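Heads up: the structure comes next, in structure tokens.
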Amino acid sequence: MAQRFRALLDLCKRRGFLYQSAEIYGGLRGAYDYGPLGVELKKNILNSWWRRHVYFRDDVVGLDTSIITPHPVLKASGHVDEFTDLLVDCTLTKERFRPDKAPPLTFIADKENKSGHIPLTAPDKATAVAWQKLIQEQLAPGILMTLKNNQLLLQVQALTQPDEQGQGGMIAFATESGQPFNVNYHGYVEPDSNSPFLTDSRPFNLMFKTFLDPIDPIDRVIQTTKNHSPDNSLPLREAVDEVLRPSTVYLRPETAQGVFINFEQVVRTMKTKPPFGIAQVGKSFRNEIRLEHGIFRTPEFEQLELEYFVAPWESRHWYNYWRRQRYQWWMELASHPDNFRQRDHSANEMAHYATGCTDVEYLFPWGWGEVEGVAHRGNYDLTQHMNNSNANFEVIEDTPTISADVDGDVSMIPEERPARYVPHVVESSCGLNRAMLAFLCDAFHEVRDDSGKNKPPRTVLKLHPRLAPIKCAVMPLTGKPEFMSITQKVAKSLRRHGWYTVVESQKLKIGKRYYRHDEIGTPWCITVDYQSLEDHTVTIRDRDTGDQERVHWKEVQHVVAKRLMEGEADDLLD
Ligand code: GAP
């Protein structure tokens, strides 16, 4: 599995989907640049989402709000105080990690009792030697351990497992003196090394804070610190915060807040009312503790978010509706639908604003991972912004839009409805970069050579044609001028539709050219051959079956158009 993922990442780099950002300067961890094909794939995912949610409906409009967000917005939304993850530092490896994602201790128990060994794995022998010194001198002086290559084996006298809250656990290390050396154990260790030498967990705010100020904020901090005396009424930290607050801004951690604060303007300018939605696509930023799996978790990423505003008594219905709708979109584009699933959150997993949440997950090579969340946000956000600004987000009650036959939710319609209410929000929030990674993993397909020549497998990227970066490659059999006239005519007829079409006239054998396009997921190769010169027909080769059909060159655009439309939002458009 790991090998396949490496092969996929290699393909992404080699064929121009994804590059390490600032690679010529040694790269920046967690930062990626999207190459010519990556840009197209990302844009096609976005377009598919936007078409389904905005153009194919009459109840959703678009919006594009500022990334830079002032402090009061995110204070009101709860992000300043509550958008935190727990953070733990490993005092041995100096790694930082999220305890809720960390594994339990690997413990090799001796027969029939609680004693045993803890194996620690270092990246290399020199590091293992340095760790041994650090443990002996600072972290757990006197404990018994052995060193073998890059592994340390720590001797344990007794291990007590923690309770469900992670309390009461203890590792009693065996020592030279016979007196055990105790270390608290909360049920997790540093993920890469199995180290149990950890700090207590503490909350860590994930937002990138910055300052809109012509004066360098560090100068303001220095000045405030200089002027601060012990008898000041405010502690230094609070005094600094107060000085910086007027210029404090954040890079938004989700696109949603921009939608909420514009709710009234959109209702007024578009003359709309619930149930209706606002779609927004754009970058969000989070100072993630652990960056992982390429573009799966990065500090800068893009979100496809839909905030759908409804009457409170219809909210369950719409929550269920959007869970189905969103899964339908994934199913439409998946090559292996079995590798996608929906999973309801348990109460302790939910974000501070949500009363219900279902994730869409994909089975990545390292296990199931969230690619999207559909959340019932209640009226939390609109109410918070009303309470902290002069806005009024109430709407006037209207006739119910759901009827007795949907989901049984009509029981929620109160007999006496209030004249005004603050709408509830059902949100779907999909990570564009994660969607791209999931679709790439889903499409990655290796074809073994059956010639008996022991050749390495070749790759076919079975991306859905609507997602494929290049839709058509037009190939003259040779580069001779007589083939070029039809070649150019076909290419132009396709480009007119806005489909990314390339002309492949290199000297490479036609089969090799096909394979190069299979590798990047081009669904159709159109070949101009000798017969084309006689009857103006060309062949269209299908990426997945290798089948070819011959049609008049003018027909190609119609064949491609029909196939591209197949199955798109049938449930909405039929
Ligand atoms: N507005 C709701 C919200 O932001 P979320 O579950 O925190 O909810 C939604 O994020 C989606 O955004 C996730 O399902 C994931 O696909 C994507 N996402 C979140 N953090 C990410 C990160 N650090 N890197 C890449 N994608 C991320």
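Okay, here's what the table says:
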read-out	value
Some residue of the range 219-229 being of a type in the set (Val, Ile, Thr), part of a loop (DSSP other than H, G, I, E, B), more than 18 Å from the chain's Cα centre (by Cα) and farther than 26 Å from Asp85 by Cα	no
Those strands (runs of 3 or more DSSP E) lying entirely in the range 415-519 with at least 1 residues open to solvent by 10 Å² or more (accessible area, probe 1.4 Å) and touching a strand residue (DSSP E or B) at 6+ places or on another chain (Cβ under 9 Å)	424-431, 444-447, 458-461, 501-503
Listing of strands (runs of 3 or more DSSP E) fully contained in the range 77-153 that carry 1 or more residues being of a type in the set (Lys, Arg), open to solvent by 20 Å² or more (accessible area, probe 1.4 Å) and out of contact with any helix residue (DSSP H, G or I) (no Cβ under 7 Å at 6 or more places or on another chain)	145-148
Selected residue (only one of Tyr308, Tyr327 is assigned by TED's automatic domain parsing to the domain that holds Glu361, out of contact with any His (no Cβ under 6 Å at 6 or more places or on another chain) and either outside any helix (DSSP H, G or I) or among the acidic types (Asp, Glu) (or both))	Tyr308
Within the range 342-384, considering residues that are open to solvent by less than 10 Å² (accessible area, probe 1.4 Å) and in a helix (DSSP H, G or I), the one nearest to the ligand (Cβ to nearest atom)	Asp381
Scope the range 223-237; condition open to solvent by 80 Å² or more (accessible area, probe 1.4 Å), more than 30 Å from Asp100 (Cα to Cα) and of a type outside the set (Gly, Ala, Ser); matching residues	Gln223, Lys226, Asn227, Pro230, Asp231
Test for Arg52: is it of a type in the set (D, E, K, R), more than 18 Å from the chain's Cα centre (by Cα) and open to solvent by less than 20 Å² (accessible area, probe 1.4 Å)	yes
Some residue of the range 285-299 being more than 9 Å from the ligand (Cβ to nearest atom), in a helix (DSSP H, G or I) and either under 16 Å from Leu251 (Cβ atoms) or assigned by TED's automatic domain parsing to the domain that holds Gly369 (or both)	yes
Verdict on Asn232 being over 33 Å from the mean Cα position of the chain (by Cα) and modelled with pLDDT of 95 or more	no
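The values are calculated or read from the model by the stated rules, or taken from the named source; none is laboratory data. All figures in this text were calculated on a predicted structure; none of them were measured in a lab. In this analysis, Cβ positions are derived from the backbone assuming ideal geometry, glycine residues included, and neighbour counts consider all displayed protein chains. With ligands, DNA and RNA removed, areas are computed over all heavy atoms of the protein, side chains included. Shrake-Rupley method; radii C 1.70, N 1.55, O 1.52, S 1.80 Å.
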